[in-house]
1. Pop out the ³J(HN,Hα) list for the range 150-160 in order, Karplus 6.51 cos²θ - 1.76 cosθ + 1.60 with θ = phi - 60°, rounded to Hz; leave Gly and Pro as x.
2. What percentages make up the Cα-Cα pair-distance distribution of the range 42-111 when the bins are 10 Å wide from 0?
3. Excluding Arg80 itself, what net charge comes from residues whose Cβ is under 14 Å from its Cβ, given Lys and Arg +1 and Asp and Glu -1?
4. Compute the signed sum of charges (Lys and Arg +1, Asp and Glu -1) over the other residues within less than 14 Å, Cβ to Cβ, of Asp166.
5. Under 5 Å between amide hydrogens, which residues at least 5 positions from Ser58 or on another chain qualify, with H placed 1.01 Å from N in the peptide plane?
6. Is there a quick way to get the dipole size of the range 61-136? I mean about its Cα centre, with the Cβ of Lys and Arg at +1 and of Asp and Glu at -1; what is the value in debye to the nearest 20?
7. So, counting K/R as plus one and D/E as minus one, what does the shell of residues with Cβ under 14 Å around Asp95 add up to?
8. Around Asn112, which amide H atoms from residues at least 5 apart in sequence, or from another chain, sit under 5 Å from its own amide H, with H modelled in the peptide plane?
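Just so it is clear, none of the values below were taken in a lab; they were calculated from the coordinates. Just so it is clear, the model here is predicted, and its values are computed rather than measured. Using ideal geometry, Cβ is built from the backbone for each residue, glycine included, and neighbour counts are taken over all protein chains shown.
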Amino acid sequence: MKQESTAQNTPPASPPLSPAPSPPPSPPAQHPRDDSDPQALWIFGYGSLVWRPDFAYSDSLVGFVRGYSRRFWQGDTFHRGSDKMPGRVVTLLEDREGCTWGVAYQVRGEQNPGYLGPAPEEAIATQILACRGFSGHNLEYLLRLADFMQLCGPQAQDEHLAAIVDAVGTMLPCFCPTEQALALV
């Protein structure tokens, strides 16, 4: 990974994610590189991911995001501390004048073992209704995301999310226990 000088605090004028400055200026892009792969995902690391990404990636780019400042304000009781003595790790603070440098990593579908790929809405809905993990039921995840989008981004059109919610709504009566089934428990 190319190391940039830490003496530079003021980035060049550009959109939210920009390449690190180089001698011949190139036009900045919203997405750092070729985004023609629909399965590609960009992850921006601003803390430990800048030196230790713990996932496979196909490309990386040193850059920055405007509008945020990095602060050691997050307590960590797992990686850098304990319940009795939390360590401090960085978090992002919204700051109109701020600029945070980091590394953007491109992860392609085949590099992400958790990537399940496209599936019919009904299949996704069935999986969501059937799954539960350490953080809770997958249905809660879907519904909280849908609530967030309705409350905070009502103007946004997320057709995929709406289709999954609709499919779950159609299937949900099939998953509701009857009084007879509850008597068996």
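1. Listing the rounded values in order: 5, 7, 9, x, x, 7, 6, 9, 10, 5, 5 Hz.
2. Computed distribution, short to long bins: 20, 40, 32, 8, 0.
3. Numbers: positive: Arg52, Lys84, Arg88; negative: Asp76, Asp83.
Local net charge: +1.
4. Working: positive: none; negative: Glu121, Glu122, Asp158, Glu159.
Local net charge: -4.
5. Answer set, sorted by chain and number: Gln106, Val107, Arg108.
6. Details: 9 positive and 8 negative charges, 80 e Å.
I would put it at about 380 debye.
7. Numbers: positive: Arg66, Arg70, Arg71, Arg96; negative: Glu94, Glu97.
Cβ neighbours under 14 Å give a net charge of +2.
8. none
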